[in-house]
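Okay, structure first, notes after.
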Amino acid sequence: MAQLEFNKRIVEEIQRTLPEGITLATVLLEALPLGKESVYRRLRGEVSFSLEETALLSRKFNFSMDKILNYHAENVSFNLDAHEPHFEVELYTHRLSVCINFFKKMTTYSDSEARYALNTLPFVFYLECPHLSRFQYFKWLHQLGKSSYNTSYNEVVIPPAIFELQKQFVREAQNINSSVLILDQNVFTSLQYDIEYFYQLQLISGEDLQMIKQEILDLIGYVEDIAESGTYSTGEKIFIYLSNINIEASYSHFQYADNQYAHLRLYGISGVDTQSAQSCEKQKEWIDSIRRHSTLISASGQVYRYEYFRKQRESVNSIGNIL
């Protein structure tokens, strides 16, 4: 690959995530152990980014090196964002910021589209809920053994600055021009078992339990309103489906212009990402195959929609009635 073309691809991937008003040279100076002149020589294509520099930039700006190298073998590289031995606030903050900037970039294109097939609560809904997002983080800490076994829900705190980022994530995701959201039938009811488990362990108090329950009920009403209108509060279109088959994992696919991006949710609040064209197409095809076995409930399917949300409320209202 020609040196100028190689550098150009790296620059394009970084610019995809940059917020307005931030210059490329500034972020490269912060990200790489290089002086100003060395950075500009790379931007002009006079010097190629080294493999080490490319790896550093790939990690910081969340792009895949296989795309940069134009590698077309069957073995595809993925970026795993949960590989740190200990979860750090900085890592989560960075991850949120990268996603926010990516959504901002997407929404500048009129053909931006998101596809989701999910067997768990969508980030695009619950991240702006203070109790639910806190519970999911609390559960994640216990699952990965990153907190004491006796750490209670009340002891886990999401810093206000991060919660603001979570709300911004939701706002930007809901600005995507068109979204397809396919939900497993048990997305809401599965929460019942998780919450009751920690409640029985006495790691969630009765008061906190009631606040979590109420927030889930509010969220169900919010999602039902969106399903009825077929639009987010931003005015952008959303097509909500209920899957008639079990969804084994949570899949996401994003596209705009000639760009594609796929995400597979893993480990609670983490996941793997790829920009490999082949893998993204496979993810898109898989989500569309699930949609063929699903029922549209947004702006249609009134009876089916009513019955689904009625059952979700019934399940949530029973949380805590176990003793």
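The values are calculated or read from the model by the stated rules, or taken from the named source; none is laboratory data. Remember, it's a predicted structure, so these values are computed and weren't measured experimentally. Cβ sites come from the backbone with ideal geometry, for glycine too, and all protein chains shown count toward neighbours.
When each of 283, 260 is tested for being of a type outside the set (D, E, K, R) and in contact with a Leu (Cβ under 8 Å, 6 or more places away or on another chain), the lone residue that passes is 283. The numbered conditions (1) modelled with pLDDT under 95; (2) surrounded by 15 or more Cβ atoms within 10 Å (Cβ to Cβ); (3) touching a Lys or Arg at 6+ places or on another chain (Cβ under 9 Å); (4) not in a helix (DSSP H, G or I) are all true for residue 147 except (3). For segment 184-213, residues that are in contact (Cβ under 8 Å) with a residue 12 or more places away in the chain and either hydroxyl-bearing (Ser, Thr, Tyr) or in a helix (DSSP H, G or I) (or both) total 18. Scanning segment 212-226 for residues that are loosely packed, with under 14 Cβ neighbours inside 10 Å and either among the hydrophobic types (A, V, I, L, M, F, W, C) or farther than 21 Å from residue 154 by Cβ (or both) yields 221, 225. Looking at the structure I just gave you, is residue 181 of a type in the set (A, V, I, L, M), outside any helix (DSSP H, G or I), at pLDDT 95 or above and not assigned by TED's automatic domain parsing to the domain that holds residue 15? So residue 181 fits the description; yes. All of 183, 219 fail the test of being under 25 Å from residue 317 (Cα atoms) and touching a strand residue (DSSP E or B) at 6+ places or on another chain (Cβ under 8 Å), apart from 183.
Of the residues making up segment 10-56, those that are under 21 Å from residue 96 (Cα atoms) and part of a loop (DSSP other than H, G, I, E, B) number 8. Answer yes or no: is there a residue in segment 127-135 that is polar (S, T, N, Q), surrounded by fewer than 18 Cβ atoms within 10 Å (Cβ to Cβ) and within 24 Å of residue 263 (Cα to Cα). Taking every residue of segment 127-135 in turn, none turns out to be polar (S, T, N, Q), surrounded by fewer than 18 Cβ atoms within 10 Å (Cβ to Cβ) and within 24 Å of residue 263 (Cα to Cα). For segment 7-31, filtering for residues that are among the polar types (S, T, N, Q) and modelled with pLDDT of 80 or more leaves 2.
In the set (1) in contact with a Cys (Cβ under 6 Å, 6 or more places away or on another chain); (2) farther than 25 Å from residue 107 by Cα, the condition left unmet by residue 260 is number (2).
Looking only at segment 152-165, decide whether some residue is among the polar types (S, T, N, Q), in a loop (DSSP other than H, G, I, E, B) and within 20 Å of the chain's Cα centre (by Cα). Looking through segment 152-165, none of the residues is among the polar types (S, T, N, Q), in a loop (DSSP other than H, G, I, E, B) and within 20 Å of the chain's Cα centre (by Cα).
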